[in-house]
Amino acid sequence: MDAAQLGEWSRILVSGAMGAFIVAWFAYSAALLRRPERELVTAGHSELSGPPAESPEAGELSGRTTDDGRSPAERSAAIGLSVSVVATALLAAGVLTRALAIERVPWGNMHEFSITGSLVAAVVFLAFARTRLGQALAVWLVLTLVLVLGLAVTVLYVAPGPLVPALQSYWLVIHVGMAVVAFGLFTVSAVLSGLQIAAERAARKGRATSLPESGTLDRLAYRLIAVAFPIWTIGPLILGAVWAEVSWGRYWNWDPKETWALITWLAYAAYLHARATAGWKGTKASVISLVGYGTVLFSYFAVNMIFNGLHSYGGV
Amino acid sequence: MADRGSDTRPPALSAGELARWVWRQLTSMRVALMLLFLLALAAIPGSVIPQRRANPLDVADFIERNPELARWYDRFGLFDVFNAPWFAAIYIALMVSLVGCILPRSRDHWRAMRAQPPRAPRRLERMPAYRRIVVDAPPDVVLAAAHAELRQRRHRTNRADDSVAAEAGHLRETGNLVFHLSLVIVLLAVALGSLFGYRGTVIVQERTGFANTLTQYDSLSAGTMFDARNLPPFALELDEFVWEVHESGPQRGTPADFEARVRFVPEPGEVEERRSIRVNEPLEVDGTLIHILNPGYAPAVTVRDADGEILAEGPVTFLPMDDNFTSEGVRKVPVGSGADIGIEAIFFPTAAFEDGGATSVFAGARNPMLLFTAYAGDLGINDGTAQSVFRLDTSEMEQLMVDGEPFRAALAIGETIEMPGGHGTVTFDGYVKWVQLQISRNSGKELALGGALLAVAGLVASLYMRRRRVWVRADEDEAGRTVVEVAGLARSGGGDLDGQIGDIADGLIARLPAPAADPVVRQG
Ligand code: HEM
């Protein structure tokens, strides 16, 4: 099979993965809707005295179980998880065929970066998909994956091909590779931070939700960022500077891409500071985390496509 | 003032107290957080608005299109954000805040590291993690075992009569301080580098050379402490510039490979070496780097007068105008006895004719063609003012005409055409390639890199080390057995404190002389 055919296969596999994630999304949504509200007021919220939300179906469903002794909500969630595993496997196959088609690491342009970054996020998600937290996260994360993969196979798609000379370097492997990993981690943590804000609001208003306790979400978001931040420091910033010196003769050029990598770094440094400052845990910190993720998205989409810097990465 | 109840308002006090208040604010976490955000925000215009240092042409273009707005931008230094005073003010404030924050913390940390871990509080069962064990070994044996166990787990310990106090994870604070101090190192290194470093560019045609002296540069920017005498005295000849272009596929027409093959003389009098410079593989001499920046074409024409006498010959650097390297340039031909001749030309590496006009359809030279027109008159070369080599000053010249139309000619390689009015002939001989080289030295880069790596090490320690205090107390109960209490207090979030305390208790039991007579464990 030649590169073009392999590339087509990769595109088909990734589209398949996207389709499967859509199915998973419906299953997880169904799980969310079918879950009886009473069950939702979990240990973390037991101190709340708010009235349970009005939900006629919930009352009907709560007692019902199926043959295998699982509730419909649990069954839907189990379907969601199985389909997500299949989708992730398809995605992994898509990334692999892409890598075979181009005979290098699959993060040489935005299409490749998107599918590989999504794979990282999907694997991180599967690692804790069975936990209560993972189930709360599922709908949002899977939706994010569907959107990113949808973009990847459409507007961001480029047929497999060689790289411009500036990108033909092992620095690409390390520098962009670490950016992909951090991108995946930041994505998951942003979803967590968003849920944290929702959970805290609900708790303040005394509304019952299916969300885990806001403190749990807050801590997990922090942990992921605490992993992603040093990776971002080393990959995009330090190794980026080293590569820039090799490639352009100057380690810092204030090129839009570099500038935005720094802006992201500063935003997440602010987040870590907020987390260490009394009275800033919770919603305030989560908002900073979302701002940080906003800068990640901006530097990925806007900077690659709009600005014309030294980075020859964009090129859709 | 007490009724205000807010520590963020300046108290109306003496200047000294006001200064102290300002300092306290500046070095507070909240202000550090705000300054981090402010710096991030301040960097945004620098990435959105064209910057003079990076894209002077874009800036000129912007000013032409938005003169009114540009005036305001200029007023606030928005075309050179990263050198603007207000940008410097923010990062200097951040650095001052950082140092002001770090120094006292370093002092406190130094003291804390040398102080003994605080004694066990009286009621250990109130601690967040707690185990109670009853064993047969006497208290001092238990405490000795506890001491050994905690030591092995790399705690700092403090033994008292009835208890052992221990502390772990000082590396966390050490790491945090190292991280912040390293940021200062990086910033200083960058600042020093910009004082001593330089960066210049020069266009070199194939089969011509470059010697590293100030006068040979097309452009050079350098820090204030830069001394031209420190330029390494190398010289090079460009034998060939290899420029491969993708022939097919989605990247058709984009460069596949660049390689400048040079004969290189590191210092006058030394032997010549054959070297190659490629993208991502610069040539290094004495900390100075030579990079490939851009390629281009230099078409060669020979201009003869009506008698066949050669007036000018050889390649002239043309500047590319599009991705297919349609390039423009001029050939100035001073003629001593009569009118000067000026040729204004466009070079098409792969010419094609569309809609009656010529374009280049490929960056590689498959079908080179030169389209030109000519002027006669005074080039203005001798009036002493500096001139661009890429533009013709036609104010004192007249375009040559044929039948009332401006004279134009298109030549393939080897073709010759006669200019009207007896001004002689022009022959298109061919072309050579040129490459723009960048020659730069980044002083202080090793220091900056070292600082950055140190920062990462500190950061990792700061993020992943857990600080905790552990106490073990052993007392004899009425039955003559020994009650051992193990308790822990986490001083930084996260981590499995309870599991750790359990492990310590287990390790402690394992160290006691057997049999421990089925110890009774109670979890707190
Ligand atoms: C260039 C500016 C700065 C950057 C990039 C920066 C970055 C960071 C980062 C990434 C952390 C996280 C490490 C951790 O959580 O342990 C941190 C922690 C910390 N920073 Fe900064 N910082 C800066 C300036 C400052 C300033 C000015 C202060 C003083 C007010 C400060 C005080 C602290 C403190 C106390 C912590 C420890 C938080 C904890 O206990 O975990 N930082 N900083």
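The values are calculated or read from the model by the stated rules, or taken from the named source; none is laboratory data. Keep in mind that what you see is a predicted model, and the values were worked out from it rather than measured. Glycine gets a Cβ as well: all are built from the backbone with ideal geometry, and neighbour counts include every protein chain shown.
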Inset, instruction - Return yes when residue A:307 is within 8 Å of chain B (Cβ to nearest Cβ), within 17 Å of residue A:109 (Cα to Cα) and modelled with pLDDT under 80 and no when it is not. - result: yes
Inset, instruction - Please tell me if residue B:439 is away from the ligand (no atom under 16 Å from the Cβ) and farther than 30 Å from residue B:233 by Cβ. - result: no
Legend entry - Single residue of segment B:53-84 satisfying the filter (assigned to a helix (DSSP H, G or I) and of a type in the set (Gly, Ala, Ser)) that is nearest to the other protein chains (Cβ to nearest Cβ): B:60
Inset, instruction - Please tell me if residue A:233 is within 15 Å of the ligand (Cβ to nearest atom), more than 18 Å from the chain's Cα centre (by Cα) and under 30 Å from residue B:292 (Cβ atoms). - result: yes
Legend entry - Filtered residues of segment A:249-274 (kept if facing chain B (nearest Cβ under 7 Å) and assigned to a helix (DSSP H, G or I)): A:256, A:259, A:260, A:262, A:263, A:266, A:267, A:269, A:270, A:273, A:274
Inset, instruction - Please name all residue pairs, on different chains or six or more residues apart, with Cβ atoms under 9 Å, provided the first residue is in segment B:294-314 and is touching a residue at least 24 places away in the same chain (Cβ under 8 Å) and within 22 Å of residue B:326 (Cβ to Cβ) and the second residue is among the charged types (D, E, K, R) and part of a loop (DSSP other than H, G, I, E, B). - result: B:298/B:206; B:300/B:313; B:301/B:313
Inset, instruction - Output the residues belonging to segment B:255-283 that are under 13 Å from residue B:212 (Cβ atoms) and either touching a helix residue (DSSP H, G or I) at 6+ places or on another chain (Cβ under 8 Å) or not in a loop (DSSP other than H, G, I, E, B) (or both). - result: B:262, B:264, B:265, B:283
Inset, instruction - Would you check if there is a residue in segment B:175-191 being in contact with an Asp or Glu (Cβ under 8 Å, 6 or more places away or on another chain) and away from chain A (no Cβ under 13 Å)? - result: no
Inset, instruction - For residue B:458, state whether it is outside any strand (DSSP E or B) and surrounded by fewer than 16 Cβ atoms within 10 Å (Cβ to Cβ). - result: no
Inset, instruction - May I ask you to list the residues in segment B:115-156 that are farther than 19 Å from residue B:512 by Cα and under 48 Å from the mean Cα position of the chain (by Cα)? - result: B:115, B:116, B:117, B:118, B:128, B:129, B:154, B:155, B:156
Legend entry - Output for segment B:54-100, where each listed residue is closer than 17 Å to residue B:44 by Cα, exposed (fewer than 15 other Cβ atoms within 10 Å of the Cβ) and within 16 Å of the ligand (Cβ to nearest atom): B:88, B:89
Inset, instruction - Would you check if there is a residue in segment B:381-391 being in a helix (DSSP H, G or I) and of a type in the set (Phe, Trp, Tyr)? - result: no
Legend entry - Number of the condition not met by residue B:118 [criteria: (1) touching a strand residue (DSSP E or B) at 6+ places or on another chain (Cβ under 7 Å); (2) within 28 Å of residue B:177 (Cβ to Cβ); (3) surrounded by 13 or more Cβ atoms within 10 Å (Cβ to Cβ); (4) not polar (S, T, N, Q)]: (3)
Legend entry - Subset of segment A:275-288 (residues that are of a type in the set (S, T, N, Q) and either in contact with a Gly (Cβ under 9 Å, 6 or more places away or on another chain) or within 12 Å of the ligand (Cβ to nearest atom) (or both)): A:277, A:286
Inset, instruction - Could you please find all residues in segment B:192-201 being in contact with a helix residue (DSSP H, G or I) (Cβ under 8 Å, 6 or more places away or on another chain) and either away from chain A (no Cβ under 14 Å) or surrounded by fewer than 20 Cβ atoms within 10 Å (Cβ to Cβ) (or both)? - result: B:192
Legend entry - Filter pass, residue B:107 being modelled with pLDDT of 90 or more and not in a helix (DSSP H, G or I): no
Legend entry - Subset of segment B:21-52 (residues that are in a helix (DSSP H, G or I) and away from the ligand (no atom under 16 Å from the Cβ)): B:44, B:45, B:46, B:47, B:48
Inset, instruction - Restricting attention to segment B:246-277, report how many residues are farther than 21 Å from residue B:235 by Cα and among the basic types (Lys, Arg). - result: 1
Inset, instruction - Would you mention how many residues in segment B:163-195 are outside any helix (DSSP H, G or I) and within 14 Å of the ligand (Cβ to nearest atom)? - result: 1
Inset, instruction - With the checklist (1) more than 7 Å from chain B (Cβ to nearest Cβ); (2) assigned to a helix (DSSP H, G or I); (3) among the hydrophobic types (A, V, I, L, M, F, W, C) in hand, flag the one item residue A:280 doesn't pass. - result: (2)
Inset, instruction - Evaluate segment A:83-105: report whether one residue or more is over 30 Å from residue A:159 (Cβ atoms), under 24 Å from the mean Cα position of the chain (by Cα) and modelled with pLDDT of 85 or more. - result: no
Legend entry - Hey, residue B:435 within 14 Å of chain A (Cβ to nearest Cβ) and either out of contact with any Lys or Arg (no Cβ under 6 Å at 6 or more places or on another chain) or not in a helix (DSSP H, G or I) (or both) or not: yes
Inset, instruction - Take residue A:204 and decide whether it is within 16 Å of the ligand (Cβ to nearest atom), surrounded by fewer than 20 Cβ atoms within 10 Å (Cβ to Cβ), assigned to a helix (DSSP H, G or I) and not small (Gly, Ala, Ser). - result: no
Inset, instruction - Determine which single condition residue B:151 fails, assuming it passes every other condition in (1) surrounded by fewer than 18 Cβ atoms within 10 Å (Cβ to Cβ); (2) over 30 Å from residue B:442 (Cα atoms); (3) within 16 Å of the ligand (Cβ to nearest atom); (4) at pLDDT 90 or above. - result: (3)
Inset, instruction - Go through segment B:254-296 and give me each residue that's surrounded by 14 or more Cβ atoms within 10 Å (Cβ to Cβ), more than 9 Å from every other protein chain (Cβ to nearest Cβ) and among the basic types (Lys, Arg). - result: B:261, B:263, B:275
Inset, instruction - All but one of (1) without any contact (Cβ under 8 Å) to a residue 12 or more places away in the chain; (2) within 16 Å of the ligand (Cβ to nearest atom) hold for residue A:218, so report the exception by its number. - result: (1)
Inset, instruction - Check A:226, A:244 and return the single one that is within 7 Å of another protein chain (Cβ to nearest Cβ), aliphatic (A, V, I, L, M) and closer than 27 Å to residue B:179 by Cα. - result: A:226
Inset, instruction - Determine which single condition residue A:242 fails, assuming it passes every other condition in (1) of a type in the set (A, V, I, L, M, F, W, C); (2) buried (at least 21 other Cβ atoms within 10 Å of the Cβ); (3) touching a residue at least 40 places away in the same chain (Cβ under 8 Å). - result: (2)
